[in-house]
Amino acid sequence: MLNQRRADGTLRHLITLEGLNRVELDALLDHAQHYVCALGARPPMNRALAGVTLGNLFTEPSTRTRVSFELAARRLGAEVINLEVQLSSRAKGETMLDTIHTLESLHFDGFIIRDSQPGVVAHVAANVAPHVSVFSAGEAHLSHPTQGLLDALTVRQHKGSRFGSLSIAIVGDIKHSRVARSAYEVFTGLGVGELRLVAPPALMPASGEFPAGLRFSTPEQGLAGVDVVMMLRIQKERMAQADIPDGEEYFARYGLTLQRLRLAKPDAIVMHPQPMNRGVEIDSAVADGAQSVIRDQVRNGVAVRMAVLESLLRPRLGRA
Ligand code: CP
């Protein structure tokens, strides 16, 4: 595994949340909370990263992650270039590393990368110049670290920081989900009391993964008494073929309806990383209902990415 740290132990890259200790996770969440503001208020801005140039390189679609990383960088005074990969020379066969080295020659200081191939983000991080940082914006089915942090921040805002007293259920296509893997890393790192995995057999991860997770094959069992319900969409783009019921039948067996939500605690919150497939994994009455914090997750995305960019880039700028 790539070492994401500098020689002094500080984080230089963020490829995964694996290996971050509770102190580091709490510090990033505290830092992010400082940047959270109410909708309609003027968002916090400063010049912490003035003079820094970042590249957004996304080879998979994104709405939330790409826009919020860009906003986060701009609100810290950095310059951001969105590289349209299909319009770049990668479309003519240039390798990812040749693209990266070209951008390094143009004085880029960091790269925000989403890629469908496992290992690409770490490969770039292992080959950039020593002053350059790499931030994962989602790597295959493996990792989506800033999503994990924004999910944890959302839970903390609604349930407090005593994670040990919480029961969290992740429901749906866990097998193909980078969101679930990063959620597992952050919630176990924060000492969550109970983490449940609720999925049909075809969408349950292999037995060696998620070792601390309690496995349930039906929402009726898995949702009973939980504090947090995190729904996931079926990621058809990551499966050649799976033995799962389609649309209506999946909704009938696994979709989160108001009736199923009543199995959780009365004050349980409902989360979804989005994009959502309404009527497949979640009913609109739940997604838009009183217990939904899905829009808070999106809002927290900018704050978390500001905290991550500032925390990782500022040490090398000598602006403590
Ligand atoms: N949650 C998430 O990663 O959304 P996007 O794919 O829109 O970035």
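The values are calculated or read from the model by the stated rules, or taken from the named source; none is laboratory data. All values reported here derive from a predicted model rather than from experimental measurement. Neighbour counts run over all protein chains shown; Cβ positions are idealised from the backbone, glycine included. Surface areas here come from the heavy atoms of the whole protein model, side chains and all, with no ligands, DNA or RNA. Shrake-Rupley method; radii C 1.70, N 1.55, O 1.52, S 1.80 Å.
Residues of region 246-269 with backbone nitrogen within less than 11 Å of a virtual label 7 Å along the Cα-to-Cβ line of MET239, please, listed as ranges.
It comes to 246-247, 250, nothing else.
Using the alpha-carbon atoms, what tilt in degrees (0 to 90, nearest 10) does helix 294-317 show relative to the longest principal axis of the chain?
30
Eigenvalues of the Cα gyration tensor times 5, then square-rooted: what semi-axes does that give for region 4-155, in whole angstrom, largest first?
Values for region 4-155, descending: 25, 18, 16 Å.
Among all lysine pairs in the chain that are eight or more places apart or on different chains, how many have alpha carbons less than 27 angstrom apart?
Counting lysine pairs in the chain gives 4.
Using only the alpha-carbon atoms, how far is helix 22-35 inclined from the longest principal axis of the chain? Give it as 0 to 90 degrees, nearest 10.
It is inclined by approximately 80 degrees.
Suppose each label sits 7 Å from its Cα in the direction of the beta carbon; what would the ALA252-LEU106 distance come out to in nanometres?
Label at ALA252, label at LEU106, 5.3 nm between them.
At q = 0.16, 0.25 Å⁻¹, what base-10 log of I(q)/I(0) does the Debye formula yield for region 278-320 when every alpha carbon is treated as an equal point scatterer in vacuo?
-0.57, -0.84
Quantify, in whole percent, the carbon and sulfur part of the accessible surface of region 1-58 (1.4 Å probe; protein heavy atoms only).
56
Quick one: divide the alpha-carbon radius of gyration of region 1-81 by 2.2 N^0.38 Å and tell me what you get.
Rg over 2.2 N^0.38 Å, computed on Cα atoms: 1.25.
For the chain, what mean projected area does the convex hull of the alpha carbons give, in nm²?
16.2
Ignoring any ligand, DNA or RNA, what whole percent of the accessible area of region 161-320 comes from carbon and sulfur when the probe is 1.4 angstrom?
Answer for region 161-320 is 49 percent, counting heavy atoms of protein chains only.
Just report the Cα centroid separation between region 1-30 and region 181-243, whole Å.
That distance is 24 Å.
Rank these by accessible area, largest first, 1.4 Å probe: SER207, SER167.
Correct descending sequence by accessible area is SER207, SER167.
Roughly how tilted is helix 64-75, in degrees to the nearest 10 and between 0 and 90, from the longest Cα axis of the chain?
It is inclined by approximately 40 degrees.
Find the accessible area per residue for the chain; the probe is 1.4 Å, ligands and nucleic acids are left out, and the unit is Å².
So the chain comes to 43 Å² accessible per residue, rounded to a whole number.
Exposed loop trypsin sites (Lys or Arg not before Pro) only (DSSP loop, at most 15 other Cβ atoms within 10 Å): please give the longest stretch of the chain free of them, not including the sites. Walk me through the numbers before you get to the answer.
Numbers: sites that count: ARG6, ARG47, ARG162, ARG262, ARG319.
Longest gap between qualifying sites, sites excluded: 48-161.
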